[in-house]
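Here's the structure, in structure tokens; my notes come after.
The values are calculated or read from the model by the stated rules, or taken from the named source; none is laboratory data. Since this is a predicted model, take the numbers as computed values, not measurements. Backbone-built Cβ (ideal geometry, glycine too); neighbour counts: all protein chains shown.
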Amino acid sequence: MDIIAVVLSLVLLMYFAYRGVTVLVLAPLLAMGTVFVTGDFPMLVAWTGKFMPAAANYIQTYFPVFLTGAIFGKLMGASGCARSIARFISEKFGKERAVAAVIIATGLLVYGGVSLFVVVFAIYPIGASLFREATIPKRFLPAAIAAGAFTFAMTAIPGTPQYINTIPIPVFGTDIYAAPMIGLIGAALMCIGSIAWLNLRSSKAMAKGEGYGDHPDENIRIDGDVPAVWLAFLPIVLVFIINFVLTNGYFKSEAAVERYASFGGINGIWSVVVALSVAIVLLLVVFRKRIAEPNQEVFDGAVGGLLPIFNTASEVGYGGVIKSLAVFAGIKAAIMAIPGPPLVVVAVSTTLLAGIIGSSSGGTALAVEALGPDFLALATANGIDPGVIHRIMIMAAGGLDTLPHCGAVITLLAVTKLNHKQSYFDIAICTMAIPLIATTIVIVLATLGVV
């Protein structure tokens, strides 16, 4: 009965999230409902004694990343930098390579630290104009944006400052450059695979006479003054350099290790936070004339970072309650007993959790919260570099996370003014099928010793 209660609560979490119920309310209600059925402890204890500590710990650990990342992304958009970079890449690729231009431009912005939701708004007008000029059916545009935003740049490329890449750090003792070789290989497979798929699909549609389509409600514009492209790239380059120098230089130096030893050691997210903070200052100084209301933009960015972290923290809180149930020991044993090599266990369990929750970061956070120490022990027992577990985990989380109820998918379709029936099949191929294939290949390579 207890296992049925847990499974049912997970199903209800997925269903009601798909129906648009906020996870801030849904997660604690379902957690308490599960406890009511199992009777392990009082419902109020579940909320204040189990749910809240897990959620609060997540916020305590990752709030600096969410805050700086959201403000940085907002300022990149407000300053015109994001639009300048997107326009530059689009012009260089040309309309005949519109699909590749949209995917790579989106991926570059995401890898540069611009949040996924900001990227969707920034790249859509550019992508729509490119697709219209190339007469590529618009229904393929959401998949192109999703391929650049939700896959390789978010999970695979070493050094990406997206917050999902920081989630495993405290438990595994890794950094954002974990397992660079398999990360680069996985990223190439995802990027090239998505470009090839969408080129094939759009070519077939165009050969049958299908064009961009009639979309009178687009109301898009890409004109207007934007910064010189070299200036637009400057904040992103700064994030790269500071990230790399701090991660591989200062924070690995003997002086730094000694300096922070009495304070619990070096936190792996510090490099990202410092890099984004410096880039924010640069944006406010260099582009002060382009940002009409800097205080408001910073405020909006900060507020924009609150909902994502509280949503994810709420999912972690739910996981904290489930983890406390007596039946979870059996669930964990079943997960750890999944047949196959250790890396397969990590990938399957993480992608299933991400799929159920409809969020790659939420699935990763839940997996780290509930199973992180076990994964680390598994890696140690089998001589696997923790960095490989880190990279495989988040790449796998970027697989089933984009099921139809995924909030990012729903937002993307709303922005592009299309629907699931028109575009979801290609979104699913680019953000689920191809990433899972890439993850499988990377697991094989990691098993052979590639790190």
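Numbers for the structure displayed
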quantity	calculated
Helices (runs of 4 or more DSSP H) wholly inside region 313-394 that include at least 1 residues being within 20 Å of GLY173 (Cβ to Cβ) and over 19 Å from the mean Cα position of the chain (by Cα)	342-357, 360-381
Number of positions in region 278-306 that are more than 20 Å from the chain's Cα centre (by Cα) and either part of a helix (DSSP H, G or I) or buried (at least 16 other Cβ atoms within 10 Å of the Cβ) (or both)	19
Single match in GLU258, GLU315 (criterion: out of contact with any Ser or Thr (no Cβ under 6 Å at 6 or more places or on another chain), acidic (Asp, Glu) and crowded, with 20+ Cβ neighbours inside 10 Å)	GLU315
Qualifying residue in region 209-220 (condition: assigned to a helix (DSSP H, G or I) and at pLDDT 90 or above)	no
Qualifying residue in region 68-86 (condition: closer than 26 Å to ILE176 by Cα, of a type outside the set (A, V, I, L, M) and at pLDDT 90 or above)	no
ILE309 being modelled with pLDDT under 85, assigned to a loop (DSSP other than H, G, I, E, B) and of a type in the set (A, V, I, L, M)	no
